[in-house]
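The values are calculated or read from the model by the stated rules, or taken from the named source; none is laboratory data. Since the structure is predicted, the reported quantities are computational estimates derived from the model, not experimental observations. Here the Cβ is made from the backbone with ideal geometry for all residues, glycine too, and neighbour counts use every protein chain on show.
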Amino acid sequence: MSLPLPLPFNSALNPGHQIKYIRLNPSAQYTLLFCYGAGGSSTILTLFQDFLTTHPNLTLLCIDRWVLGPDAPPGPALLSSLSSVTIELLDGLSIAKISIAAHSAGVYQALDLINRYPERIEIVFPIAPHIPAPFTASKIMSWMCTMPKFLFAAVGKIDKLSDTKAERMWLRLIGSPKIEHVDDGKFVYSKRLRDVLQSYEPDGKEMGLRKERLDLDYRLGYSRVPGIEVDNLVRLYRSCKVDLIWFICNADVFFGPASVERIAKDMKSCRVEVVLVEGACHSDIFLRSEVWERIHERVMAVDNG
């Protein structure tokens, strides 16, 4: 099965801004936007091609989290700019409303869109999403958030010297032989993970923006990015007005059930339903068939309601 490449979309309302996206099964009636976690790209969507063959009434859309162009905004402003161009893309594709699934750091792409354009969103599915530092129950995250700046800078320098690419980090996390050879139906993909993550390699300015976005994703929890501090991230959660079906797993060492319980109590403007996915971990929960079957079922229920 061939892997589609991201398509460009040029903003008319924001001249000089361009995003890239992948849209699978575009003729379906219902649309789900997938916001990938740190280290991913829109090409990750192609892992779900087989799922769509048995769920033909669903369109999947994924947008790269970096805005291209000479006037494209730097890190912090990228969230609002991305939301604006996303709505413009939806209008161009004649999509009135969408549901959203967001894994890990992708949740902030989703939350900004929800807070700015709640009337365009049906229902949202956080999948082991990033949770701001005040609410995380992870000792690892707590240590990282209090890491001295000189140590943080040293880690960043080492990472740059090693020229780590997003795909390689992903493969270190979930590209183990155990996962690649699973055939018990727990995962929606088979053995295509490596091919998908290596199928598209941007260059030039796009690669620079991609690294900036990746850097922003990983620094969100550390309050090291001017303009996107912990308070801003907490505010995105607290102001959410769209109901959430929140998938969690006990093996998530970063944002497990205790963290979810803490922040859900502060979300007064929406209903939060928590679903525990047995046997999953932070890096593979978004690939679980159980998760996608639940998402499909709820999207159909909302749109048919």
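Some observations on this one:
- Near pairs, Cβ below 6 angstrom, 6+ apart or cross-chain, from segment 250-272 (under 21 Å from residue 239 (Cα atoms)) to any residue that is modelled with pLDDT of 85 or more and acidic (Asp, Glu): 270/243; 271/243
- Checking each residue in segment 254-285 for being assigned to a loop (DSSP other than H, G, I, E, B) and closer than 12 Å to residue 131 by Cα picks out 254, 255, 256.
- Meets criteria (at pLDDT 60 or above, part of a helix (DSSP H, G or I) and over 16 Å from the mean Cα position of the chain (by Cα)) for residue 78: no
- Selection over segment 275-300 of residues that are more than 15 Å from residue 101 (Cβ to Cβ) and modelled with pLDDT of 90 or more gives a count of 1.
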